[in-house]
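As structure tokens, the structure follows; a few thoughts come after it.
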There are 2 protein chains.
Amino acid sequence: MLNIRSNLTMSEAAELLEGAFRARNLVIIVGNCRVEYEGRASSTLEWGERVTVIKKDGSILVHRPTGYEPVNWQPPKCVIAVNQVDATVLITASRANPRETLTIEFKQISLTAFGSLSDTGEFALYVTEAQMKQAILAAPSLVEEGFKPLEEEKHVEDTGFTDIYGVDKTGFLVVIEIKRNAATKDAATQLYGYLEKIRTRVDRPVRGIVVAPDLRKSAQPVLQSMKIEFVKLDPEKCFKILKSTKDMKLSQFIS
Amino acid sequence: MLNIRSNLTMSEAAELLEGAFRARNLVIIVGNCRVEYEGRASSTLEWGERVTVIKKDGSILVHRPTGYEPVNWQPPKCVIAVNQVDATVLITASRANPRETLTIEFKQISLTAFGSLSDTGEFALYVTEAQMKQAILAAPSLVEEGFKPLEEEKHVEDTGFTDIYGVDKTGFLVVIEIKRNAATKDAATQLYGYLEKIRTRVDRPVRGIVVAPDLRKSAQPVLQSMKIEFVKLDPEKCFKILKSTKDMKLSQFIS
DNA sequence: ACGTCGATCTCGAAC
DNA sequence: GTTCGAGGTCGACGT
């Protein structure tokens, strides 16, 4: 249930918002405001009409009429306060760690809408880098015939993780770096770091393969000089394989 | 001026939104919806109450009741369409490059608010990396005594730009990489790329210095192995210097 | 158009 | 708590 008001006086707005924040409602305000921010950086935004959204977890967004990104904002866990100062409504949002404060001053408010939204719907994102990895583990031939993954993740001291670690059909070690998007040269340099570490520990050839849907032109010479191979793999193909393996698992249960 | 309606029927909503999009209004919708996204990745979001904002530049945000980030979105330049399908309102936002589509299906709408917002207020952000650079150019001793910047930017083939390029008091070349936040190892590797290029062209010693408010622990060994130096510099200090140089300039005009 | 890099990045996971 | 890497990153700037 939404409480909607338009063209309120500043004192009406201040009182209403006070109650909405106390009830931890989601709050939408459209009005003419000025914004100041002080924290990791500092900023000022002069008067103008914007959309402000304040959520129950203490996150805040101030949106101008254009652009995907909020002009000013605070991440969750802010403490919100409302004050009426003369003919303006002041909303302050403060948080510790890092210490920062966002201040929004309204001189005119066209709309306030607040209430408790009920949202339990599941969100699912398909074909992330992690899922491409699952697909390769489910169908190693996506990389090449005879490839056998060893451990899902092999920790390499000081340099993080490899994506997949395995052996090829001739017994050479294979280290695979997966990228969901076209591989840039830092994919290569990252992988090269792993390879160097591993080669000091292991007494047999180690191949490095970048697996990605595409290869940036600038990355090509880098790969070549580092003797790192490239295997093309589209996320869509991974999705199909994941779907089919899921179906297989399901059919095993059914049968 | 804002057109505000609450608890509309789906056909009312479809008609109103149609007009709002044609007029390139900013549109706010609160209601129970389902969302699908298909493009660089794919996602589905099941039924739930959310806040949707659609801007005149074709950017879209779908916000759940918690979290700073939109659960689904589109950057500017989308083509928006509304359709009534049975008892639901369908909003589709498509863009090319990359080819992707966002579909929002409403089965209940608590609020629509739309109109043209007037926002010309200036936005100013203080102490960006660019401003730290300005501060160093204004006060080179921030880096070290006797440092002289040469050109503001020195293009290095294929690798982008250095931040500052200069000479130290002994005549050695100095290449500086500025970071606004604690320097990570990629600051070092980035700078190392520049240095390698320059060293093939120049016949005298070239020093590399990372200037940042802090240095991540993991970056320290990388810097050491690359023989890159670190100079601590806080954005706040840069801000003070910029302010004082501005004051100086101002006082020059005044006097 | 593509590539590179900064960001009040945010977010999550690992240590 | 800090550190580190990923992101449908976005956005800006240069080629």
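For region B:55-124 versus region A:129-149, the inter-centroid distance based on Cα atoms is 37 Å.
Here the relative contact order of region B:2-115, from alpha carbon pairs under 8 Å that lie six or more residues apart, stands at 37 percent. Placing a label point 7 Å from Cα along the Cα-to-Cβ direction at B:G171 gives distances to the equivalent points in the other copies of 6.0 nm, listed shortest first. Quick one: angle between helix A:10-22 and the longest Cα principal axis of chain A, in degrees between 0 and 90, rounded to 10, please. Between helix and principal axis, roughly 40 degrees. Between copies, the label points at B:K227 (set 7 angstrom from Cα along Cα-to-Cβ) are spaced 2.7 nm, reported in nanometres from shortest to longest.
Taking a cut-off of 24 Å, what percent of all Cα-Cα pairs in chain A are separated by more than that? Summing the P(r) of chain A above 24 Å gives 63 percent of all pairs. Report note on the peptides A:5-11, B:228-234: ranked by the mean count of other C-beta atoms within 10 Å, highest first, their order is B:228-234, A:5-11.
Based on Cα contacts under 8 Å between residues 6+ apart, chain A shows a relative contact order of 15 percent. Put a point 7 Å out from Cα along the line to Cβ at A:T120; what are the distances to that point in the other copies, in nm, shortest first? Label point to label point, same position, other copies: 5.0 nm.
Across peptide B:20-29, the average count of Cβ atoms from other chains found within 10 Å of a residue's Cβ is 2.
What ranking do A:187-194, A:28-35, B:202-209 get when scored by the average of other Cβ atoms within 10 Å per residue, highest first? Walk me through the intermediate numbers first.
Numbers: A:187-194: 21.4, A:28-35: 23.2, B:202-209: 14.8.
Packing proxy ranking, top to bottom: A:28-35, A:187-194, B:202-209.
Legend: distances between Cα atoms for A:K56/B:K56; A:K185/A:K240; B:K55/B:K107; A:K169/B:K197; pairs beyond 32 Å are A:K169/B:K197.
The angle between the Cα long axis of helix B:185-201 and the main principal axis of chain B comes to about 50°, on a 0 to 90 degree scale.
Inside 10 Å of the C-beta atoms of B:121-133, what's the mean count of C-beta atoms belonging to other chains?
Rounded to a whole number, the mean comes out at 4.
Estimated from helical segments only, the mean residue ellipticity of the protein assembly as shown at 222 nm is -8500 deg cm²/dmol, where each DSSP H run of four or more residues counts as -39500 (n - 2.57).
Please work out whether the protein assembly as shown counts as rounded, prolate or oblate from its C-alpha gyration tensor, where a ≥ b ≥ c are the square roots of the eigenvalues and a/c under 1.5 means rounded, while otherwise a/b larger than b/c means prolate and anything else oblate?
oblate
Computed from the coordinates by the stated procedures, all read-outs in this text should not be read as laboratory data. Everything quoted here is computed from the prediction, not taken from an experiment. Positions of Cβ are generated from backbone atoms using ideal geometry, with glycine treated the same way; all protein chains shown enter the neighbour counts.
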